[in-house]
Amino acid sequence: MHVLAFVNQKGGCGKTTTAVNLAGALSARGERVLLVDLDPQAHATLGLGWAILHEPTVSDVLRDRVTPREAVLPAPGGFDLIAATSGLAHFEELAERMIGPEQLLRRALERSPTAWDFVLLDCPPRTDGVLAANALRAADTAVLVIECGTFALQGALKAVDVLEEVAERQERPFALRAVGTLFDRREPLAHELAIALHAQFGPLLFDTFVRTSSTLRACAAAGLPVQVLEPASPSAQDFDALAEELQRWTRRSTPETNRVEPARGERARAWDTPYVSRSAAVLAAAAPRARNTQHARGSTEH
Ligand SMILES: Nc1ncnc2c1ncn2[C@@H]1O[C@H](COP(=O)(O)OP(=O)(O)OP(=O)(O)O)[C@@H](O)[C@H]1O
Ligand SMILES: [Mg+2]
C-alpha cells in the first residue's frame, strides 16, 4: 500500500484536482484506490458529488469511531472515498487536548494494510496543522503540488523547507516528489518554470505536467473525475500519464517496508542533497534555454 499526501501551503495550486483525477486514473488502470479528504473545505468530497448528511467521514476515522473500511463511500470512477465536512475543523480543536493526535490516521490505515494499492491524501492549504501532520505521518511520499505561475519556484522552495522541518521531527521519513500543475504552454513563464523545477528537483519531479484546462473545472463542478466526464480529453491523458509514471516508480518499492525506494542515482529525499541552486538565479539562467527546450509535456488550454 502506497500512501501519498498531496501538499502545499499555497491555496488553489491544484492539490485537490490532482488527487481526485489521479485517483480516477489509477483506478482506471486497475489499481485499488482510496482517496481521503483531509480538508475542512471538503472540496474533494464535493468534487466527487457527495453532500454528506449522516455518512461517516474522516473525522469519525480520526476519532476511532469507525475503521477506514467502514467509512468508505463509492466515488464515481470506481475508487473509494473517505469524505470530509466542515466539521473536520472541530477535530482540529479537539486535537489540541489529545496526546499524539498526529498519529491517528497512520494507526487507522495500519488496521487495513492490504485494502488498497494506493491511498491518496488531499491536504488542506497549510502544512502546520494537525491534519497535515496526520497526512505526513501516514504518508510514505509527500507530493508537492506546484502551480506553474509567478513565484511558484519560491513558493515550492519554502514548502520544501517546511517539509524538511516536519521530516526531521518524524522518526519515519517520507520521500518527496513534485508535480507541476496549471501548466499553460502559451505562457513563456511556464516553460521557464518547468526548466527551473527540473533543475531544482531533478528526478523527483514527475515528467508529466498537468495542463491548464477548462475541462478540469467543469469536472469539479459536475462532481466527476475527468475519466468519467471526459475520458478522451487531453486532461484525462495528463492524469493517465501521471498515473503511469507513479505505477512505474512504485513498482520499485521495497516489499518489507512498503516504502517507495528511489532508483539508483535518484535522491531519496530532496533535502539529503544540496540543491542545484536555491535562488531565482536558476530561473534567470534557465530563461535563454527556454526557447529551445521543451521539458514539459502539454499544449495550450483546450
Ligand atoms: N489544471 C487545471 N486547469 C484548470 N483549472 C484547474 C486546474 N487545476 C485546478 N484548477 C482549478 O483551480 C482551482 C483550485 O484548484 P484545487 O481546488 O485543485 O486547488 P487546491 O490546491 O486543492 O486548493 P486549496 O488549497 O484551497 O485546497 C479550482 O477551481 C480548480 O477547478
Ligand atoms: Mg484542495
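Bear in mind these aren't lab numbers, they're just calculated from the coordinates by the rules spelled out. What you are looking at is a predicted structure, and each value in this text was computed from that prediction instead of being measured. Cβ coordinates were reconstructed from backbone atoms using ideal geometry, including for glycine residues, and neighbour counts include every protein chain displayed.
Ranked highest first by average number of other Cβ atoms within 10 Å, how do 137-143, 156-162, 231-237 line up? Don't skip to the answer; put the middle values down first.
Values: 137-143: 24.4, 156-162: 19.1, 231-237: 17.4.
In decreasing order of mean packing, 137-143, 156-162, 231-237 become 137-143, 156-162, 231-237.
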For ALA222, placing the label point 7 angstrom along Cα-to-beta-carbon and taking region 30-49, residues whose amide nitrogen sits under 19 Å are 44-49
Phi-derived 3J(HN,Hα) across region 53-68 with the Karplus relation (6.51, -1.76, 1.60, θ = phi - 60°), rounded Hz, x for Gly and Pro, is 10, 10, 5, x, 10, 5, 4, 5, 5, 5, 8, 6, 8, 9, 7, x
Under 18 Å by backbone N from the virtual spin label 7 Å along Cα-to-Cβ at ARG126, the residues of region 137-152 are 137
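Can you compute the FRET efficiency between GLN170 and THR67 using 1/(1 + (r/R0)^6), with r the Cβ-Cβ distance and R0 = 22 Å? Round to the nearest 0.05.
Details: r = 24 Å, r/R0 = 1.09.
Given R0 = 22 Å and the Cβ-Cβ separation, E is 0.35.
Rounded if a/c is under 1.5, else prolate if a/b beats b/c, else oblate: with a ≥ b ≥ c from the C-alpha gyration tensor eigenvalues square-rooted, which is region 62-202?
Here region 62-202 falls in the prolate category.
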Long-range amide H partners of GLU147, meaning residues 5 or more apart or on another chain whose placed amide H is closer than 5 Å, are THR181
For region 161-256, listing GluC sites (Glu not before Pro) in a DSSP loop whose Cβ sees at most 14 other Cβ atoms within 10 Å gives GLU171, GLU256
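Report the calculated FRET efficiency for THR114 and ARG248 (r = Cβ-Cβ distance, R0 = 25 Å), to the nearest 0.05. All intermediate terms of the calculation are to be shown ahead of the outcome.
Working: r = 22 Å, r/R0 = 0.86.
For R0 = 25 Å, the calculated efficiency reads 0.70.
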Sorted largest first, the C-alpha extents of region 2-290 along its principal axes in whole angstrom are 56, 43, 35
Most packed first (mean Cβ within 10 Å per residue), the peptides 177-187, 61-71 order as 177-187, 61-71
